Ligand SMILES: C[S@@+](CC[C@H](N)C(=O)[O-])C[C@H]1O[C@@H](n2cnc3c(N)ncnc32)[C@H](O)[C@@H]1O
């Protein structure tokens, strides 16, 4: 069912953008996210970042080659891609369910700088065909998968796409974080829950909390985690 709201309440309490009346099970997710990216200036989205320091605190300790393969899961039109390009990473995939978000991103950073893939992580198709990557980055995407089957699909894909000794960064709403985002319910995590989902082939390298401030000024607590696949 498509959300017929014409605008998002970006200040909605305990959320991060858009109608708080929807439930995940009734939403056409592609339409929902396309609407969020169509109806709001990027810098007003409840997940827009100007401070990328927590993400780079993790990326910088990995010592990746500049041609390492990096996939940004549910990238939207994130400024993280601009910064990775600025730091001369040359093998970046940005994937999202929203073609609008990825088009905005491509227009901003240049189509030749990144590869984009439109796909639904709960029913991956194109993503099953990519080569294994050195680094998987997810900020604020996994926590939208509230059903076990969708979480299992996500982690099955992840596990099949990380090279031996490759890395995974997951930055999700913490157990102290909001219960909704973009009008959708979320499933909150701590580092132990994430390690349990990843399984014994992965080890936790680092975890810390970071309080993100939304454009509205409201705080949102995230857990930032770095894992390595044991070769
Ligand atoms: C809160 S935004 C975060 C965007 C970006 N990671 C960032 O940090 O700015 C969540 C993103 O996940 C994407 N997304 C939600 N459900 C998805 C799904 N089932 N498959 C792929 N992407 C999805 C949305 O389109 C949106 O861009």
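The values are calculated or read from the model by the stated rules, or taken from the named source; none is laboratory data. Bear in mind that the values here come from a model prediction, so they are computed numbers and not experimental data. No Cβ is skipped: glycine too gets one built from the backbone with ideal geometry, and neighbour counts run over all protein chains shown.
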Filtered residue count, the range 191-213, keeping only those that are closer than 27 Å to residue 27 by Cα, under 16 Å from the mean Cα position of the chain (by Cα) and surrounded by fewer than 21 Cβ atoms within 10 Å (Cβ to Cβ): 1
Only one of 92, 81, 85 that is in contact with a helix residue (DSSP H, G or I) (Cβ under 6 Å, 6 or more places away or on another chain), at pLDDT 95 or above, over 18 Å from residue 143 (Cα atoms) and within 11 Å of the ligand (Cβ to nearest atom): 81
Counting only residues in the range 110-123 that are near the ligand (Cβ under 10 Å from one of its atoms) and closer than 12 Å to residue 74 by Cα, the one surrounded by the most Cβ atoms within 10 Å (Cβ to Cβ) is identified as 121
Could you say whether any residue in the range 132-147 is more than 28 Å from residue 178 (Cα to Cα), surrounded by 15 or more Cβ atoms within 10 Å (Cβ to Cβ) and within 13 Å of the ligand (Cβ to nearest atom)? no
Please give the number of the condition residue 107 fails out of (1) out of contact with any strand residue (DSSP E or B) (no Cβ under 9 Å at 6 or more places or on another chain); (2) crowded, with 18+ Cβ neighbours inside 10 Å. (2)
When the residues of the range 117-127 are narrowed to those that are touching a helix residue (DSSP H, G or I) at 6+ places or on another chain (Cβ under 7 Å) and free of Cβ contacts under 8 Å to residues at least 40 places away in the same chain, which ends up nearest to residue 99 (Cα to Cα)? 118
With (1) buried (at least 18 other Cβ atoms within 10 Å of the Cβ); (2) free of Cβ contacts under 8 Å to residues at least 40 places away in the same chain; (3) more than 16 Å from the chain's Cα centre (by Cα) as the list, and residue 69 as the residue in question, which single condition is left unmet? (2)
